[in-house]
1. Spot the failing condition for I4; the list is (1) surrounded by 17 or more Cβ atoms within 10 Å (Cβ to Cβ); (2) at pLDDT 95 or above; (3) within 25 Å of L195 (Cα to Cα), and only one is missed.
2. Between S243, S257, which is over 21 Å from the mean Cα position of the chain (by Cα) and either open to solvent by 50 Å² or more (accessible area, probe 1.4 Å) or in contact (Cβ under 8 Å) with a residue 12 or more places away in the chain (or both)?
3. Just a yes or no: is a residue in region 2-11 without any contact (Cβ under 8 Å) to a residue 60 or more places away in the chain and over 15 Å from the mean Cα position of the chain (by Cα)?
4. With the requirement that a residue be open to solvent by 30 Å² or more (accessible area, probe 1.4 Å) and more than 16 Å from ligand 1 (Cβ to nearest atom), what does region 304-325 give you?
5. How many residues are open to solvent by 60 Å² or more (accessible area, probe 1.4 Å) and assigned to a strand (DSSP E or B) when one looks only at region 224-238?
6. Is it true that R75 is open to solvent by 40 Å² or more (accessible area, probe 1.4 Å), touching a residue at least 12 places away in the same chain (Cβ under 8 Å), within 16 Å of ligand 2 (Cβ to nearest atom) and not small (G, A, S)?
7. Find the helices (runs of 4 or more DSSP H) located wholly in region 139-207 whose residues include 3 or more that are open to solvent by 40 Å² or more (accessible area, probe 1.4 Å), and list them.
8. For S266, state whether it is within 28 Å of S141 (Cα to Cα) and open to solvent by 30 Å² or more (accessible area, probe 1.4 Å).
Amino acid sequence: MKGIDINIFSEIKQVCDSVNNIVIISHRNPDGDAIGSALGLYHVLNNMNKNATVIIPNDYPEFLRWLPGNESVIRFDNNKEFATEIIKNAELLFFLDFNDLSRISGVDEVVRDLKTPKVLIDHHPDPSDFTDFKVSTIDVSSTAELIFEFVSTCQMTHHIDKNSAECLFTGLLTDTVSFSVNAYRPSTFRTTGALLEKGINFDDIRNKVFNNYSEERTRLLGHCLLNKMVVMPESKAAYIVISTKDVYKFKFAKGDSEGFVNYPLSMKNITFSALFIEKKDHVKISFRSKEKVPVNEFAKLHFNGGGHLNAAGGEYFSTIDETVKKFEALLPEFMKKYV
Ligand code: 5GP
Ligand code: MN
């Protein structure tokens, strides 16, 4: 695999073999790849007779709660003492699907000074130096695919049971938005084939992940596209704003806006899309793009964020109006190079 020295996998495997208590940590506002890769690895480690625990900073959407092992996931935000003790007793820490400690808000303070061996497995650009082992490449669909690569390179594919395969496949499926984004590599399909051979049901998983929303969510999508989308043709951009009023009116639940930000990109000549969601004291922003438009740069420069070339996000501590005003003012200059 491009960008990865495969010897690192056997070094990580050696550390795994020598310990028992292992903690797997993923990023704040976990998405399908965060939870899928973490639980996928969790099942593999348990099948190796290790005592593995998944710890995440905060809650994740309903459409991921069916994943095998879901009930064992520990949220740091409402179990701080318990989670801290488990982390401190760990003999090995895995960090999955993020590239900087700032992405695990709260948990970073617990792990920062620990001498416990740390492993990063991730596919975001520019990872910071905070682990002893770093498996990082952007040349892969998802962290779940990288976990598969690790497990198969170490001849441990027999430890991927159906539960693990369902979790890893969900990570791969969500990060590629059902094979429509960043899904052009033969290795992604080889991994998919190997996971299908573990007996998972593709259609069933797709339905659980993408066709499992409430009526309100579907109507909110209609409302956003009809009434809340603003097109900026000179910048080849479009954006959607979800206000607190919309949140109440459509009984917004965590995860309900998943995928909304992709819709503007289905228009021809639109290569930049943004979604703003008004929160209590800040605005959560998602960015998506087509072609070579680096939304992660834009997110990092202006909205305390980051991510991938074509999929990024950020948080901005201001009012929704000020946030959108700032976005409208900055975008034309940023897009000059790409229109
Ligand atoms: P989403 O728009 O789905 O929340 O996030 C898309 C991608 O952007 C995520 O996979 C993650 O890589 C990145 N991302 C989202 N929010 C943030 C953020 O607040 N900070 C950073 N650094 N990256 C983010
Ligand atoms: Mn990912």
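1. (2)
2. Sole residue among the options that is over 21 Å from the mean Cα position of the chain (by Cα) and either open to solvent by 50 Å² or more (accessible area, probe 1.4 Å) or in contact (Cβ under 8 Å) with a residue 12 or more places away in the chain (or both): S243.
3. yes
4. Correct list: T319, D321, E322, K325.
5. 1
6. no
7. By residue number, 186-196.
8. yes
The values are calculated or read from the model by the stated rules, or taken from the named source; none is laboratory data. As the structure is a computational prediction, the values presented were derived from the model and not from experiment. Note that each Cβ is placed from the backbone with ideal geometry, even for glycine, and that neighbours are counted across all protein chains shown. Calculation scope for accessible area: heavy atoms of the full protein, side chains included, ligands and nucleic acids excluded. Shrake-Rupley method; radii C 1.70, N 1.55, O 1.52, S 1.80 Å.
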